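Enquirer: I'd like to ask some things about the structure below.
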Amino acid sequence: MSFVKKTAAVVAELEKIRIVPVLVLNNVDSGLKMCEMLVECGLPAAEITFRTAAAEEIIRAASKRFPELYLGAGTVLNPRDLKRAFDAGARFAVAPGFNPAVVKAAVDNDLPFAPGIVTPSEVEQAHELGCTFLKFFPAEAAGGVQMLKSLVAPYKHLGLRFMPTGGITALNVGSYLDLKEVVAVGGTWLGKASDIDAGNWAGIRAAVCGAVELRDSLAK
């Protein structure tokens, strides 16, 4: 299957899930506990960022234990980490920025990847290399929904799809999901590293279950 078809398949799956928790995990045990909670709460997706040494091992372990969990790798900054992520079991990968070397590696190896964009120039460069699924980051700091609307407008004919991430919360997620070009949002407010490290599992569960209820209410 080609890069384009594999990316389209990822978009189709993420459109069902709508909110993808963005997780910075420091060890396998807490990572697996977080993944188990996502499955139990009905939010079967996660972007596990390559900001920690444990990320690769967590993706490998979680993909085996929770095959129903749609796992992605985040903060993929180079071709080596891209390969590591998919070898470990990631279904897709994203990055905060646009790195042509990573995009080329993804396209050449048919690995679904969404580079980060925040300007028209980055959108055009990513599209020229074959990307139609893009991460809008940092969403709120870059102007939020209004900025994304402005960014989308000149390129509607290209059929681009976006996953905004950064500064999105339960209070503003609805305004992003209302945009037809938005596949899903990155839920950085879910499973915060500080809560995981503090063992605040009750608080995390409440936030995740609340996100599921909110998503389902927005879909009605």
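Enquirer: Express the carbon and sulfur contribution to the solvent-accessible surface of the chain as a percent, rounded to the nearest whole number, probe 1.4 angstrom.
Expert: That fraction is 54 percent.
Enquirer: Now for a separate question. Compute, for the chain, the length of the dipole vector about the Cα centre, with Cβ point charges of +1 (Lys, Arg) and -1 (Asp, Glu) only. Units Debye, rounded to 20.
Expert: 260
Enquirer: Same structure, new question: Between the range 3-25 and the range 50-109, what's the alpha-carbon centroid distance in Å?
Expert: Rounded to whole Å, the Cα centres lie 12 Å apart.
Enquirer: What are the radius of gyration and Dmax of the range 1-90, computed over its Cα atoms and given in Å?
Expert: 12.5, 35
Enquirer: A further question on this structure: Which value in deg cm²/dmol, rounded to the nearest 500, describes the helix-derived mean residue ellipticity at 222 nm for the chain, given -39,500 (n - 2.57) per DSSP H run of n ≥ 4 and division by the residue count?
Expert: -14500 deg cm²/dmol
Enquirer: Based only on the alpha carbon positions, what is the Kirkwood hydrodynamic radius of the range 105-155, in angstrom?
Expert: 11.5
Enquirer: Please work out the Cα convex hull volume for the range 1-42 and give it in Å³ per residue.
Expert: Spread over its residues, the Cα hull of the range 1-42 gives 104 Å³ apiece.
Enquirer: Let me ask another. For the range 1-140, what number of Lys pairs, 8 or more residues apart or on separate chains, have alpha-carbon atoms under 17 Å from each other?
Expert: For the range 1-140, the number of qualifying lysine pairs is 8.
Enquirer: Which percent of Cα-Cα pairs in the range 46-100 sits in each 10 Å bin, short to long?
Expert: In order of increasing distance, the bins hold 29, 58, 13, 1 percent.
Enquirer: Something else now. Hey, got the dipole for the range 127-220? About the Cα centre, +1 on K and R Cβ, -1 on D and E Cβ, debye to the nearest 20?
Expert: Dipole magnitude for the range 127-220 comes out near 220 debye.
Enquirer: Show log10 I(q)/I(0) for the chain at q = 0.09, 0.13 Å⁻¹, two decimals, from a solvent-free Debye sum over equal Cα scatterers.
Expert: -0.31, -0.67
Enquirer: A further question on this structure: When all alpha-carbon pairs of the range 44-137 are counted, what percent fall beyond 19 Å?
Expert: The share of Cα pairs beyond 19 Å in the range 44-137 comes to 36 percent.
Enquirer: Relative contact order for the chain using alpha-carbon pairs under 8 Å, separation at least 6, rounded to a whole percent?
Expert: Once divided by the residue count of the chain, the mean separation gives 21 percent.
Enquirer: Hey, could you get me the Stokes-Einstein D for the range 102-220, Kirkwood radius over alpha-carbon pairs, 4 °C and 1.567 mPa s, rounded to whole µm² s⁻¹?
Expert: Reported coefficient: 84 µm²/s.
The values are calculated or read from the model by the stated rules, or taken from the named source; none is laboratory data. Computed from a prediction, not measured in an experiment: that's the story for all the values here. Counting neighbours? That spans all protein chains shown, and the Cβs are built from the backbone with ideal geometry, glycine included. Calculation scope for accessible area: heavy atoms of the full protein, side chains included, ligands and nucleic acids excluded. Shrake-Rupley method; radii C 1.70, N 1.55, O 1.52, S 1.80 Å.
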